[in-house]
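Chemist: Before I ask anything, here is the structure I am working with.
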Amino acid sequence: MIDAHIHLDHYDSHNLYDEIERWHEAGITGVIAVSKDLPSSYQTLALQQRFPDFVHACIGFHPEYPLPGARDFAEWRRLLQAERARITAIGEIGLPHYELANLPDRLEDHLAFVSQILDEAVAHGLPVALHAVHDKAALMLQLLQTKGIAEAHFHWLKAPPAVVRQIAAAGYYISLTPEVCYRQRDQQLARLVPARQLLIETDGPWRYDGPFSGQETTPLFLQSVVQQLAALFGTAESTIRVQIIRNTHSCYRLEPRFTS
Ligand SMILES: [Zn+2]
């Protein structure tokens, strides 16, 4: 199983290597590791170098933070150019929602920035890992279509059903988190996403409630997510697992050697 969205740089760096070994031994075959800014992009690439068959690196600027300065962005573009072969996708990028009122830049500035970064994705032929929730999801979808982005992943999507259907109709991918195990909203979302466009993620180390309350989030939670989806859809767990791995490979264009 592959975790389609995790922030490895937010875990305690002292035991992260051991943790990754433990996840791997327990059946996790890879993670799509996103970044939130320039230093985090370097960290994710360093982890990719250490675990090249496990860590699939995404570099980007998280939209719920202040926009990067021109120097950081220029350096990030050079990093992208230089390390293109080791980069799986651009992310986490998107539009702010939760922090918008507290950020120094306006939504228009974020739209202009994400538009610029989508141009980089097109230029380098890379998929994008997106944070665009509630009323920002439709704005993001419009921008993706204007830019002609082929592969995009709306991570932890929260959006009106009509918008979810439009995202699905455009062929983009949508992920569920462990919340699907205890929250009706996410269970409803699961039913709206076509089987071939569904991914699962932890957004770790973000913490969850319900059966995960008080536990550190790891990709091992995905086993419960698979169980839950199997119960929701009345399908075998193995069928769900195979389908989701296939979807993650298609979305992020992972090489066939990254199997199961
Ligand atoms: Zn995230």
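The values are calculated or read from the model by the stated rules, or taken from the named source; none is laboratory data. The shown structure was predicted, so the numbers you read here are calculated from the model rather than taken from an experiment. Positions of Cβ are generated from backbone atoms using ideal geometry, with glycine treated the same way; all protein chains shown enter the neighbour counts. Heavy atoms of the whole protein, side chains included, go into the accessibility calculation; ligands, DNA and RNA do not. Shrake-Rupley method; radii C 1.70, N 1.55, O 1.52, S 1.80 Å.
Chemist: Kindly indicate the residue of the range 29-75 that is more than 16 Å from the ligand (Cβ to nearest atom) and in contact with a Pro (Cβ under 7 Å, 6 or more places away or on another chain) and also least open to solvent (accessible area, probe 1.4 Å) among those meeting that condition.
Modeler: Leu38
Chemist: Now for a different question. Report, by residue number, each residue of the range 135-163 that is in contact with a strand residue (DSSP E or B) (Cβ under 7 Å, 6 or more places away or on another chain) and either away from the ligand (no atom under 16 Å from the Cβ) or open to solvent by 30 Å² or more (accessible area, probe 1.4 Å) (or both).
Modeler: Matches in the range 135-163: Leu144, Ile149.
Chemist: Select from the range 60-89 the residues that are of a type in the set (A, V, I, L, M) and assigned to a helix (DSSP H, G or I) and list them in ascending order.
Modeler: Ala70, Ala74, Leu79, Leu80, Ala82, Ala85
Chemist: For the range 221-260, enumerate the residues that are farther than 30 Å from Ala85 by Cβ, hydrophobic (A, V, I, L, M, F, W, C) and either crowded, with 19+ Cβ neighbours inside 10 Å or under 20 Å from the mean Cα position of the chain (by Cα) (or both).
Modeler: Phe221, Val225, Val226, Leu229, Ile240
Chemist: In addition: Within the range 1-17, restricting attention to residues that are within 13 Å of the ligand (Cβ to nearest atom) and within 20 Å of Arg246 (Cα to Cα), which residue is surrounded by the most Cβ atoms within 10 Å (Cβ to Cβ)?
Modeler: Per the stated criteria, the residue is Ala4.
Chemist: If Val122 passes every condition in (1) surrounded by fewer than 20 Cβ atoms within 10 Å (Cβ to Cβ); (2) part of a loop (DSSP other than H, G, I, E, B) but one, which one does it miss?
Modeler: Every condition holds for Val122 apart from (2).
Chemist: Is it the case that some residue within the range 40-59 is assigned to a strand (DSSP E or B) and among the β-branched types (Val, Ile, Thr)?
Modeler: So far as the range 40-59 goes, yes, one or more of its residues are assigned to a strand (DSSP E or B) and among the β-branched types (Val, Ile, Thr).
Chemist: Here is a further query. Which members of the range 87-102 meet the condition of being in contact (Cβ under 8 Å) with a residue 24 or more places away in the chain and open to solvent by 60 Å² or more (accessible area, probe 1.4 Å)?
Modeler: The answer is Tyr98, Glu99.
Chemist: Are any residues in the range 24-40 over 19 Å from Thr202 (Cα atoms) and under 16 Å from the mean Cα position of the chain (by Cα), and if so, which ones?
Modeler: Result: Asp37, single match.
Chemist: Given the criteria within 17 Å of the chain's Cα centre (by Cα) and touching a residue at least 12 places away in the same chain (Cβ under 8 Å), does Pro211 qualify?
Modeler: Taking the combined requirement at face value, the residue does not satisfy it.
Chemist: Report the residue count in the range 178-218 for those that are under 16 Å from Lys158 (Cβ atoms), within 16 Å of the ligand (Cβ to nearest atom) and open to solvent by 80 Å² or more (accessible area, probe 1.4 Å).
Modeler: So the answer is 1.
Chemist: Filter the range 37-92 for residues that are out of contact with any strand residue (DSSP E or B) (no Cβ under 8 Å at 6 or more places or on another chain) and among the basic types (Lys, Arg); which is nearest to Pro219 (Cα to Cα)?
Modeler: In this case the residue turns out to be Arg50.
Chemist: Answer yes or no as to whether Ile20 is modelled with pLDDT of 95 or more, away from the ligand (no atom under 16 Å from the Cβ) and assigned to a loop (DSSP other than H, G, I, E, B).
Modeler: Judged against the criteria, Ile20 is not a match.
Chemist: Then there's this: Would you confirm, using the coordinates I've provided, whether Asp105 is assigned to a helix (DSSP H, G or I), open to solvent by 20 Å² or more (accessible area, probe 1.4 Å) and over 25 Å from Arg50 (Cα atoms)?
Modeler: Judged against the criteria, Asp105 is not a match.
Chemist: Within the range 116-133, is even one residue away from the ligand (no atom under 16 Å from the Cβ) and β-branched (Val, Ile, Thr)?
Modeler: yes
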